[in-house]
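Laboratory data are not the source of any read-out in this text; all were calculated from the coordinates shown. Treat the numbers as computed from the prediction; the structure is a model and nothing was measured. Glycine also receives a Cβ, built like all others from the backbone with ideal geometry; neighbour counts cover every protein chain displayed.
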Amino acid sequence: MSRARWFGRDQREALREGWCVIVNGDGQETIQRDDDQPEVFADDNAAHRHVTRCAAAGSRLHKAALRYVFQDEQERYREEGR
């Protein structure tokens, strides 16, 4: 299975909405609010809820973000199921 990708243009589009995909201190990708725009989302959880809701509504950008962020967990679950 091919790895999900998150492109620079995706990140720029996300930043226009006030959120982004970053690598956290554990080296894992995660969704968080853009701290340069704190007026858009109250916190990282609010940004993540926004991305999840938009993905559920069919947004390509938001679905791509969730696929990218959670791909390592999905691969780990597949390997454990073998």
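Here are some notes:
- When the stretch 6-22 is filtered for residues that are farther than 15 Å from GLU73 by Cβ and within 11 Å of the chain's Cα centre (by Cα), the ones remaining, listed by number, are TRP6, ASP10, GLN11, ALA14, TRP19, CYS20, ILE22.
- Of all residue pairs spaced 6 or more apart or on separate chains, none has beta-carbon atoms under 6 Å together with a first member in the stretch 29-57 that is at positive phi and a second member that is surrounded by fewer than 18 Cβ atoms within 10 Å (Cβ to Cβ) and assigned to a loop (DSSP other than H, G, I, E, B).
- On the stretch given as the stretch 1-28, residues that are free of Cβ contacts under 8 Å to residues at least 12 places away in the same chain and among the acidic types (Asp, Glu) total 1.
- Qualifying residue in the stretch 33-47 (condition: over 20 Å from ARG67 (Cβ atoms), out of contact with any helix residue (DSSP H, G or I) (no Cβ under 9 Å at 6 or more places or on another chain) and small (Gly, Ala, Ser)): yes
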